[in-house]
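**Student:** Just passing along the structure, written as structure tokens.
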Amino acid sequence: MGDSYLDARLHALRRTQNPDGGWPYFAGKQSWLEPTVYAALALHGEPAADRAWKLLQSWQTRSGAFRPAADVQMESWGTALCITLAVARGEFGDPFERGVEWLLKTEGEDSNLLTRAASAVGLFKPDRNPRYHGWPWKPGTSSWVEPTAHALVALKLASAKRQDRDVTGRIRLGQAELLDLRASDGGWNYGNRTVWGVDLPSYPETTALALIGLQASGVKDVLDAARKIGIERVSPLARAWLAIALRLYGVATPAPTAPPTPDLMLTALEALGCANYRYFKTGGEA
Amino acid sequence: MISRRDLFPVAAAGMLAGYAGFKGGTAGRSARLGNASVAILKAASYSEDLVSRMLQGIRELKLNPRGLKVLLKPNLVEFDPHTCINTDVAVVAAAYEVFKTLGASEVIIGEGPGHRRDTCALAEMARYRGEIEQFDARFVDLNRDDVSPVIGFADRPEMYFPTTALRADLIVSLAKMKTHHWAGATLAMKNFFGLVPGNVYGWPKNELHHIGIDRSIFELSRVFHHSFAIIDGIVGMEGNGPIQGSPKPAGVLVMGSDLPAVDATCCRIMGIDPGRLEYLRLASDRLGVTEEARIEQRGETIRSVRTNFNLIQPFENYRLA
């Protein structure tokens, strides 16, 4: 991918950072965790990324979770992204430890004790295996593909520092959940294979994210689903995630040329696809 | 879209708790509302003069949007070229022109799809970006807008919503007339699921499923009560809606300020008994009117446009006699 393509994106990110150190989804709006983490990874090593990390730490709650934005009082799936950023930065102090602990204890409601017990005694037949443990967008709800994929990346990266059975066990159950959510066409959508017995199609963006989450899982065919997606025919967001995923697996992707859009999260992901995608690298190819 | 597995814990919690803690919004059931007016306008295809049809309906209903900040909320969910999931671009474009013509101070189009994160790409596929002039400048992705809390939403102490929606003087639900495999039908009120921000609650907005779909539909209409509805029933969806159903031409636009009345009227047009839909039972006399005798029908009669929508097996007994 050309330097001018990357430079245009990095330049756009540098000039749209909010005074608080974060990034909005669109310039001039409030800072959010998600674009802030992606922009900080894209600008890793620059003072702008340091300011972003400082802001994100101020959003960590007593539970160890991070809030999605300054004024949103809620524990967020984005905690996984903050762990990934912490590992990229070599920050293994208290925010990292508490964030990992929160990830380890957080799971979707579909695998909680009530659901498992009801399933075990035959009160209902769940559409997915309740013994597996994915991650929700927020506590108290079900687990879904995107937060599960990001949590797997975070815990796999964290396992370099924390080689305990809690971490490896949770990675195993999270991967099992992700594989259990796979659509009949071989890819992934947001996290439902079927509704009323009818198969649902996969999406390119969530298939790419699942691929990233399943790095080094030992499952041989996960790359096939992403390979058969025509990267040039999908939406810009899907293209950005596919570029990151395929490059993590050593697959070359076409060099894009389009100018940056006003969407700053997309801008950051497109920049990551050029260079710093390695911060999502969790191990050998599947 | 959620599956039975997602509904189980919700249903279990619902059985345990019932609706004991449910306060029913700001309007008590005892405070019976007056009558409502709903306009049914025939439109056989999207190439007809929809602007004139909408202006006729708005005149009959005496809506005056002059000086108001208007948010047009279409139903933009997924894209499948083989069916008709979304509010047709012709309806959105016509509504935009109508509210500008009637003197609204600002008209914004906003949506927060429940499954797909790339809202602009969806808008492209649904031809919104190509056929609505300066669409990007007029559109807000409600999934990634700034947010503010609203105190009290079902049993939650607070719920966050896009500031674009909270600041609007009038939200126009540009819904699609569709069957829905959990709620029975998705019309003006269910369309407000797209006002819930994905950047807080995720994709899908699973918080609403855990609160309960029917209760969430009710609560959203309670919070966003400054609303008006224009339902795209020119070609609706029957069967396994809201995404995997089949196109169903009904040839109507249905309009009104009382959203429960609009939804109840749409149900009757679709051959669905509105009394079987839990969210309409909750809304009846709290948020609006659903009894046919208390809805003054403008334009066409229900009988003249009724066309039964196919219902999937769990909803077959919802058929209107």
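**Student:** If A:Y190 satisfies all but one of (1) within 17 Å of the chain's Cα centre (by Cα); (2) in a helix (DSSP H, G or I), what's the number of the condition it fails?
**Tutor:** Answer for A:Y190: the failing condition is (2).
**Student:** Ok, one more. Would you check if A:P204 is modelled with pLDDT of 90 or more, within 14 Å of chain B (Cβ to nearest Cβ), farther than 28 Å from A:R128 by Cβ and surrounded by 14 or more Cβ atoms within 10 Å (Cβ to Cβ)? Step through it out loud before you land on a result.
**Tutor:** Working: modelled with pLDDT of 90 or more: yes; within 14 Å of chain B (Cβ to nearest Cβ): yes; farther than 28 Å from A:R128 by Cβ: no; surrounded by 14 or more Cβ atoms within 10 Å (Cβ to Cβ): yes.
Spelling it out, it is not the case that A:P204 is modelled with pLDDT of 90 or more, within 14 Å of chain B (Cβ to nearest Cβ), farther than 28 Å from A:R128 by Cβ and surrounded by 14 or more Cβ atoms within 10 Å (Cβ to Cβ).
**Student:** Look at region B:14-53 and say how many of its residues are at pLDDT 50 or above and of a type outside the set (A, V, I, L, M, F, W, C).
**Tutor:** 12
**Student:** For region B:154-174, what are the residues that are away from chain A (no Cβ under 12 Å) and either in contact with a Phe, Trp or Tyr (Cβ under 9 Å, 6 or more places away or on another chain) or surrounded by fewer than 22 Cβ atoms within 10 Å (Cβ to Cβ) (or both)? Before the answer, list the steps.
**Tutor:** Step one: of region B:154-174, the residues away from chain A (no Cβ under 12 Å) are B:154, B:165-174.
Hits for region B:154-174 are B:A154, B:A165, B:L166, B:R167, B:A168, B:D169, B:L170, B:I171, B:V172, B:S173.
**Student:** Here's a follow-up. Hey, among the residues in region A:47-65 that are touching a Phe, Trp or Tyr at 6+ places or on another chain (Cβ under 8 Å) and over 25 Å from A:L10 (Cα atoms), which one's nearest to the other protein chains (Cβ to nearest Cβ)? Reasoning before the result, please.
**Tutor:** Step one: of region A:47-65, the residues touching a Phe, Trp or Tyr at 6+ places or on another chain (Cβ under 8 Å) are A:52, A:56, A:59-60, A:63-65.
Adding the requirement that they be over 25 Å from A:L10 (Cα atoms) leaves A:60, A:63-65.
Values: A:Q60: 17, A:S63: 17, A:G64: 19, A:A65: 14 Å.
Filtering region A:47-65 for residues that are touching a Phe, Trp or Tyr at 6+ places or on another chain (Cβ under 8 Å) and over 25 Å from A:L10 (Cα atoms), the one nearest to the other protein chains (Cβ to nearest Cβ) comes out as A:A65.
**Student:** Another one. Checking the conditions here, which among B:G57, B:G67 is more than 18 Å from B:L142 (Cβ to Cβ), surrounded by fewer than 22 Cβ atoms within 10 Å (Cβ to Cβ) and either touching a residue at least 24 places away in the same chain (Cβ under 8 Å) or of a type in the set (D, E, K, R) (or both)? Can you show your working first?
**Tutor:** Values: B:G57 fails: surrounded by fewer than 22 Cβ atoms within 10 Å (Cβ to Cβ).
Going through B:G57, B:G67 in turn, the sole match is B:G67.
**Student:** Conditions: (1) more than 14 Å from every other protein chain (Cβ to nearest Cβ); (2) surrounded by fewer than 24 Cβ atoms within 10 Å (Cβ to Cβ); (3) part of a helix (DSSP H, G or I). A:T253 meets all but one. Number of the miss?
**Tutor:** (3)
**Student:** Let me ask something additional. Do you know which residues across region B:103-123 are more than 8 Å from every other protein chain (Cβ to nearest Cβ) and in a loop (DSSP other than H, G, I, E, B)?
**Tutor:** Listed by number, the residues that qualify are B:G103, B:A104, B:S105, B:G112, B:P113, B:G114.
**Student:** Scan region B:134-153 for residues that are free of Cβ contacts under 8 Å to residues at least 24 places away in the same chain and either more than 10 Å from chain A (Cβ to nearest Cβ) or closer than 20 Å to A:A69 by Cα (or both) and jot them down. Full working, then the answer.
**Tutor:** Filtering region B:134-153 for residues free of Cβ contacts under 8 Å to residues at least 24 places away in the same chain gives B:134, B:136-137, B:146, B:148-149, B:151-152.
Matches in region B:134-153: B:Q134, B:A137, B:D146, B:S148, B:P149, B:I151, B:G152.
**Student:** Just the residues that are part of a helix (DSSP H, G or I) and charged (D, E, K, R), please, taken from region A:26-47. Break it down into steps so the answer makes sense when it comes.
**Tutor:** Taking region A:26-47 first, the residues part of a helix (DSSP H, G or I) are A:33-42, A:47.
Within region A:26-47, A:E34 is the sole residue that qualifies.
**Student:** Another one. Can you pull out the residues in region B:180-195 that are in contact with a strand residue (DSSP E or B) (Cβ under 7 Å, 6 or more places away or on another chain) and within 12 Å of chain A (Cβ to nearest Cβ)?
**Tutor:** Here is the first cut: in region B:180-195, the ones in contact with a strand residue (DSSP E or B) (Cβ under 7 Å, 6 or more places away or on another chain) are B:180-181, B:184-188, B:190-192, B:194-195.
B:H180, B:H181, listed by residue number.
**Student:** Name the helices (runs of 4 or more DSSP H) wholly inside region B:222-307 in which the number of residues that are charged (D, E, K, R) and in contact (Cβ under 8 Å) with a residue 24 or more places away in the chain is 1 or more. Reasoning before the result, please.
**Tutor:** Working: elements: B:259-270, B:278-283, B:302-305.
The helices (runs of 4 or more DSSP H) meeting that bar are B:259-270, B:278-283.
**Student:** Yes or no: A:V198 farther than 20 Å from A:Q215 by Cβ and either surrounded by 15 or more Cβ atoms within 10 Å (Cβ to Cβ) or at the interface with chain B (Cβ under 8 Å from one of its Cβ atoms) (or both)? Break it down stepwise before answering.
**Tutor:** On the way: farther than 20 Å from A:Q215 by Cβ: yes; either surrounded by 15 or more Cβ atoms within 10 Å (Cβ to Cβ) or at the interface with chain B (Cβ under 8 Å from one of its Cβ atoms) (or both): yes.
Yes.
The values are calculated or read from the model by the stated rules, or taken from the named source; none is laboratory data. All values derive from a computational prediction rather than experimental measurement. So basically every Cβ, Gly included, is an ideal-geometry build from the backbone, and we count neighbours across all protein chains shown.
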